[in-house]
Amino acid sequence: MAANAPIIDLKGIDVTFKEADRTVRAVKNVDLEVAKGDIYGIVGYSGAGKSTLVRVINQLQRQTSGKVTVSGQNMGALKGKALRQARTKIGMIFQHFNLMNERTIGDNVMFPLLLGSKLSRHDKQAKVDELLDLVGLSEKKNDYPAQLSGGQKQRVAIARALANDPEILISDEATSALDPKTTSSILDLLKNLNEKLGLTVVLITHEMQAVKSICNKVAVMQSGEIVERGDLLTIFSKPTQQLTKEFIETSSQIDAALANVVAQPSIQHLQANERLVVLSYAGASTDDPLIAQLYEQFKVTPNILFGNVEILQNTPVGNLGLVLSGEGDAVDKALAYVKEQGVTVRQINVAEYQAELARKAAEADTNAEGEA
């Protein structure tokens, strides 16, 4: 593999399934590069194609067309023993752990080492002990899965996935079945393994909060395609696609705050000289006293309704919801000034926003009825 080559390189990936009466194109002409040492998040709703895409990486799912290169190897050209060997360098963890209930925790972690490892039995036992210590479960070696919590089971699954010293770890919705506190601990573990072992992590999820917690790169998938990609800070501070904006608003709780705001009678009856806006900003602009300047320079009065600031990749990123009021074109001039400072301005039409909330609620009810 060339020095600057990506550890994972997907080119023109298509995956098509044939069903009885139709053809389903699950992945559509996707290109994706993951650099060694990345924690790369792939986010999308159920059915977006993200799990199908990552199964192409280790060829658990063969692509219909396109090329998969991992660590310099053309995975599509490998078969039999050569493919099995290549797969040992790509660990996977899943939502439901996939542990063997009749085996002890130590034996679960040992299992991959029984399938071709050249280590002596003593070295295999030492490896198991090392891995259980790495994930914080040394004292659980002789327990069985039924005796463990969900978070502990996922730690066992991670230890097992690391048994053959993989270069890549694919996490396919691995925190979806866990409560928020346990999810945070598993994400912290993945981040620690990335830093300690130089492990490249591909994180598949429908939760932008998980991406925000540990990823340095992110791709957003919809209907089998990557609709937006980039480094974490750029995606969160300057999203371009509506789906990306929705994910970010949910993870930052902007959508919940806005829903509460637009329900207030005073907001539903704004005057002609009043605007409901959300300001999004990152980096140096978070240190500027912009709100104070709005009144000093433009005589625009800000009424702050909600706000939050987070640290992403050591950079502050924030959102602020407020109503601006001023005479004449003062508010327009103030917003133009704010944009010049590198702040993203989103003006909210209250009636349109309420209609969109109602549409989404009706859609959710329809989906729930269909699932029932």
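Return the subset of Lys89/Lys191; Lys127/Lys153; Lys196/Lys245 for which the Cα-Cα distance in this structure is over 22 Å, preserving the input order.
Table pairs above 22 Å Cα-Cα are Lys196/Lys245.
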Ranked by GNM mean-square fluctuation in the chain (Cα springs under 10 Å), the top entry among Glu340, Glu246, Glu274 is Glu340
Given 4 °C, 1.567 mPa s and a Kirkwood radius over Cα pairs, the Stokes-Einstein diffusion coefficient of the chain in µm²/s is 56 µm²/s
Percent of all Cα-Cα pairs per 10 Å bin for segment 252-364, counting from 0 up to the last occupied bin, reads 13, 43, 32, 10, 1
Summed over the other residues with a beta carbon less than 12 angstrom from that of Ala334, with K and R at +1 and D and E at -1, the charge totals -1
Listed with the fewest Cβ neighbours within 10 Å leading, Thr250, Thr69 appear as Thr250, Thr69
Over segment 1-127, the quotient of the Cα radius of gyration and 2.2 N^0.38 Å is 1.24
Scoring the chain by relative contact order with C-alpha pairs under 8 Å, at least six apart, yields a percentage of 16 percent
Restricting to Cα pairs under 8 Å and 6 or more apart, the percent relative contact order of segment 282-346 works out to 34 percent
If each K or R counts +1 and each D or E counts -1, the residues other than Ser149 whose Cβ falls under 12 Å of its Cβ total +2
The chain: antiparallel bridges as % of DSSP beta bridges, rounded to 5, reads 70 percent
Dipole check, the chain, charges on Cβ (K,R +1; D,E -1), about Cα centroid: among Gln297, Ala210, Val317 the Cα furthest to the positive pole belongs to Ala210
With Pro6 itself left out, Lys, Arg at +1 and Asp, Glu at -1 over residues whose Cβ is under 14 Å from its Cβ give 0
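With 10 angstrom as the radius, rank Ile291, Ile254 by how many other C-beta atoms surround their C-beta, starting from the fewest.
So the residues, fewest neighbours to most, are Ile291, Ile254.
Every number here is computed from the coordinates shown, using simple stated rules; none is lab data. Because the structure is a prediction, the values reported are computed rather than measured. FYI the Cβ positions are ideal-geometry reconstructions off the backbone, even for glycines, and counts take in every protein chain you see.
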